[in-house]
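The values are calculated or read from the model by the stated rules, or taken from the named source; none is laboratory data. Small disclaimer: the values here were computed from a predicted structure and weren't measured. Virtual Cβ from ideal backbone geometry, glycine too; neighbours counted across all protein chains shown.
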Amino acid sequence: MEISKKNKVIILNIATAILLLTGVIMYKIKNSTSSEKIAIDLLVQNGIVLTMNPQKEILKDGVLAIHNGKIIDIGSIKKIGQTYKAKKIIDAHNCVVLPGLINAHVHAPMTLFRGLADDLPLMNWLQKYIFPAEKKYVTPDFVYWGTKLACYEMIKGGTTTFVDMYFFEDAVAQAAYDMGMRAIVGETIIGFPTPDSPTYKKAVQYAENFVQKWKNNRLITPAIAPHAPYTCSKEILLATKKFSEIHHVPLLIHLSETKNEIKQILSKYNMRPVAYLDSLGMLNKKMIAAHCVHLDDTEIALLKKRKIGVVHAPTSNMKLSSGIARVYDLIKQGVLVGLGTDGAASNNSLDMFGEMKTATLLQKVATENPAALNAYQTLELATIGGARALHMEKQIGSLEAGKKADVTIVATNKIHQIPVYNVVSQLVYATKASDVQTVIIDGKVIMENRILGTKNEHQKLEQKVAHYKELINSTKQTPNN
């Protein structure tokens with residue numbers, strides 16, 4: 001049937017009207033949807049957002065949307081600024097918003113031994129002062145309050161996650177949880193009686209109960225921690241390896257920390273420490289190995305192959321004269337490397353900003369290369385690099401949608417920081433722990449505008465610290481006496 005010219009015009013007009021009407025309806029729907037903001041818990045805005053994501057994105061006017069403990073969106077103010085309605089808004093003007101720092105190796109309760117024995121080599125420091133002091137003073141109460149003191153210090157300095165090796169780790173876990181910190185906490189297993197266990201078998205039994213209590217906790221990851229190859233027999237090392245495999249928990253260890261350790265293991269097993277642990281089948285991605293100062297090229301290649309997390313602790317290594325780790329080479333070879341302060345008894349601070357600056361300067365002077373371990377690489381050690389070393393990079397270490405909302409907000413307008421030309425360099429070379437303004441862990445604001453805890457909590461902590469200081473002072477033996 002042929003349509004007349006007049007009818008064609010009518011049909012065309014009707015079709016045009018339908019299209020126009022559809023466009024109006026779609027416009028109204030779009031406007032209606034965009035005006036209904038999404039309700040969320042927390043919005044961080046107006047800061048420079050340093051994502052540490054694979055693209056190394058830096059958002060000059062960034063917005064971070066947080067809900068149910070996770071980052072649900074991240075972008076510029078223009079892109080997502082009007083998308084969300086938050087219960088709480090944090091204005092990060094004149095601040096950098098970055099992933100929470102990761103202290104990948106510490107002995108948190110040892111804050112109560114800060115300054116107890118200084119200016120000593122490692123073995124002398126351990127055997128004559130630290131091990132005897134631990135035997136005499138360390139109790140669950142000591143551990144709990146020493147850890148709380150450490151948590152206060154770390155949060156004030158922008159650290160949101162730490163990895164601990166000590167005794168009475170149930171008390172460490174409880175203190176960290178009470179403070180709202182994320183932590184991997186490893187019960188130390190060693191070849192002689194410890195404050196919490198007369199034998200290594202009792203220590204493993206303690207660890208069994210400890211792991212069962214804390215597994216699947218939103219903040220705490222329990223672990224097993226054989227102290228070192230030189231303090232643990234083959235039997236102990238194999239027992240901890242089996243424990244790690246059965247319970248699917250990380251295995252923490254000190255490794256190749258001093259030349260003396262290398263000599264001891266070579267003399268006893270005719271192998272260097274890394275090869276020795278590999279011969280026992282211990283080198284796997286559950287291991288987080290602290291220090292790794294004295295490594296040859298073969299060992300570096302093996303650590304990469306086995307996907308071992310290596311933790312660099314430069315200040316402690318310098319203070320105990322243990323040596324300079326080949327961090328620049330480790331990173332170039334693709335080894336998973338994080339950064340840690342070690343304990344306050346051998347550092348004597350838990351300041352990760354100070355540790356970053358020390359790490360980068362030490363590599364430059366050791367390699368005689370000013371470009372070695374540049375500022376961005378150094379910041380990676382304390383964030384996404386640390387997360388990779390802990391095998392937790394899918395959860396923490398960068399600011400990306402879907403990850404845990406662990407965030408540190410740092411002021412950049414202090415007198416020692418201005419002017420700012422490169423924000424990453426400023427964080428590594430000029431920023432101090434005291435520049436940290438706000439800390440968010442698991443989506444909760446733990447510290448805001450440097451206010452952390454209540455007056456009553458502060459008083460209780462001060463009383464406990466004073467008690468243990470008086471107790472130790474009354475009986476201590478120090479090299480300065």
Single residue of Val143, Val185, Val172 found to be assigned to a strand (DSSP E or B) and touching a residue at least 24 places away in the same chain (Cβ under 8 Å): Val185
The one condition in (1) in contact with a Phe, Trp or Tyr (Cβ under 8 Å, 6 or more places away or on another chain); (2) more than 24 Å from Leu427 (Cα to Cα) that Gln363 fails to fulfil: (2)
Output for region 265-315, where each listed residue is more than 17 Å from Lys241 (Cβ to Cβ), more than 25 Å from the chain's Cα centre (by Cα) and surrounded by fewer than 17 Cβ atoms within 10 Å (Cβ to Cβ): Leu266, Ser267, Lys268, Asn270, Asp296, Asp297, Thr298
Output for region 367-376, where each listed residue is surrounded by fewer than 17 Cβ atoms within 10 Å (Cβ to Cβ) and among the aliphatic types (A, V, I, L, M): Ala371
Check on Lys213, surrounded by fewer than 20 Cβ atoms within 10 Å (Cβ to Cβ), at pLDDT 95 or above and in a helix (DSSP H, G or I): yes
Residue list for region 397-422, filter: of a type in the set (A, V, I, L, M), buried (at least 24 other Cβ atoms within 10 Å of the Cβ) and in a loop (DSSP other than H, G, I, E, B): Leu399, Ala405
Which listed residue, of Leu373, Leu379, Leu461, Leu427, is of a type outside the set (Lys, Arg), modelled with pLDDT of 95 or more, outside any loop (DSSP other than H, G, I, E, B) and assigned by TED's automatic domain parsing to the domain that holds Ala150: Leu379
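Okay, residues lined up against (1) surrounded by 21 or more Cβ atoms within 10 Å (Cβ to Cβ); (2) in a strand (DSSP E or B); (3) polar (S, T, N, Q):
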position	(1), (2), (3)
His93	no, no, no
Asn103	yes, yes, yes
Thr111	yes, no, yes
Leu120	no, no, no
Tyr129	no, no, no
Search result, residues across region 316-332 that are among the polar types (S, T, N, Q) and either touching a Lys or Arg at 6+ places or on another chain (Cβ under 9 Å) or surrounded by fewer than 22 Cβ atoms within 10 Å (Cβ to Cβ) (or both): Ser321, Ser322
Region 323-358, residues that are over 17 Å from Tyr152 (Cβ atoms) and among the charged types (D, E, K, R): Arg326, Asp329, Lys332, Asp342, Glu355, Lys357
Among (1) more than 26 Å from the chain's Cα centre (by Cα); (2) at pLDDT below 95 - the single one Ile236 does not satisfy: (2)
Contacts under 8 angstrom Cβ, first residue in region 40-63 being in the same structural domain as His93 (by TED's automatic domain parsing) and at positive phi, partner surrounded by fewer than 19 Cβ atoms within 10 Å (Cβ to Cβ) and of a type in the set (A, V, I, L, M, F, W, C), 6 or more apart: Asn46/Ile77
When residues of region 271-306 are limited to those that are among the basic types (Lys, Arg) and free of Cβ contacts under 8 Å to residues at least 40 places away in the same chain, the one farthest from Ala389 (Cα to Cα): Arg272
